[in-house]
Amino acid sequence: MIKTSASAKIILFGEHAVVYGQPAIAVPVSDLRAYVSVERARNDLKIFSLNKGELVKVTRKNAHPLAVTARLTLEKIGYHTLPGLTLKLKSDIPMGSGLGSGAAVSTAIARALCAALNKSLPLEELNAVVYEVEKLHHGTPSGIDNTVIVYEQPVYFVRGKPLETFSIGKPFTLLVGDTGIHSSTKITVADVRILYDSDPARITPIFERIGEIVRQARAAIETGNIEALGPLMNENHALLRDLTVSSVPLDTVCQAALEAGALGAKLSGGGRGGNMLALVTEETAPTVSEALLKRGAVRVIQTAVQFTESRL
């Protein structure tokens, strides 16, 4: 049986300041994935979502994102008929949590079709397919999710400029702590805008310092100076707190991580809920994970950030 997968992603540095022209870095969460298995069928191309209990039949006109993913992939590989296949989709990535669930699902489906039909699709072309489907989910996506997930490498992003992937000098381990608190990124972004408009002289230096932190973090990742990331994470979190997008629960779990031995900790994404990150070693990961769960995280995911070859 053919099986393929694709990783989740998370923002490592630069959230909110990225709206104001500063860079941001997103990284793959390789231990949290969407999976697709393929079975031969007599006729019809179908995708069955085990998470939703939903069966999607791929036709020429079906506008469902799963069907669109399949059609675009077949077009890219020059396959002009709908093959008799059943794709079974199972994702461990929570939806609507800033972890790139939609892009991961699309990537895993495209990879499964290529494998089943003995076709290859260059990563650049696969990325283009997934980006088109992302438009169905998000309207005008930045391209971060699909690029991080397809290449399974860190992405350096500046608004209005082409996305850049970059190398990892040395693998490092992150804990992703989910606060279980839902928060609207749209609202937090709007609140930061109000803050900026009310006092640009005070807020602009915050954005600029976050941008400098992102640039320093990229250099540290590329050179393998992982220890330098910890203080940068702590400072980035403090600046996000100044922008009013942290919260007591986020501050609590970040402080718990540091007290338990994490090298650094910060919120990730929109803030006021959602996820936080802790930079750990293999030795400190269990203790930090336990501390996060005791202090309010509803679950903790451990992931290694490292270069991963294409899983086509």
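For the list (1) modelled with pLDDT under 95; (2) surrounded by 17 or more Cβ atoms within 10 Å (Cβ to Cβ), I need the number of the one condition that Arg311 fails.
(2) is the only condition that Arg311 fails.
Given the options His137, His80, name the one that is open to solvent by 30 Å² or more (accessible area, probe 1.4 Å), in contact with a Pro (Cβ under 8 Å, 6 or more places away or on another chain) and at pLDDT below 90.
His137
Does at least one position in segment 210-224 carry a residue that is over 15 Å from Phe13 (Cβ atoms) and free of Cβ contacts under 8 Å to residues at least 60 places away in the same chain?
Checking segment 210-224: at least one residue is over 15 Å from Phe13 (Cβ atoms) and free of Cβ contacts under 8 Å to residues at least 60 places away in the same chain.
Name the residues in segment 265-308 that are farther than 18 Å from Ser97 by Cα and β-branched (Val, Ile, Thr), would you?
Val280, Thr281, Thr284, Thr287, Val288, Val305, Thr308
Checking the condition open to solvent by less than 50 Å² (accessible area, probe 1.4 Å) and farther than 25 Å from Glu15 by Cα, which residue from Leu121, Leu99 passes?
Going through Leu121, Leu99 in turn, just one is open to solvent by less than 50 Å² (accessible area, probe 1.4 Å) and farther than 25 Å from Glu15 by Cα: Leu121.
Can you name every residue in segment 220-278 that is assigned to a loop (DSSP other than H, G, I, E, B) and either open to solvent by less than 30 Å² (accessible area, probe 1.4 Å) or among the aromatic types (Phe, Trp, Tyr) (or both)?
Within segment 220-278, Gly224, Leu243, Val245, Ser246, Ser247, Ala260, Ala262, Gly269, Gly270, Gly271, Gly273, Gly274 meet the criteria.
Can you confirm whether Ile206 is over 23 Å from Thr173 (Cα atoms) and in a helix (DSSP H, G or I)?
yes
The values are calculated or read from the model by the stated rules, or taken from the named source; none is laboratory data. Note that the coordinates shown come from a computational prediction; the quantities given were computed from them, not determined experimentally. Don't worry about glycine lacking a Cβ; one is built from the backbone with ideal geometry, like all the others, and counts go over all protein chains shown. Ligands, DNA and RNA are stripped out before the accessible areas are found, and what is left, the full protein with its side chains, is counted by its heavy atoms. Shrake-Rupley method; radii C 1.70, N 1.55, O 1.52, S 1.80 Å.
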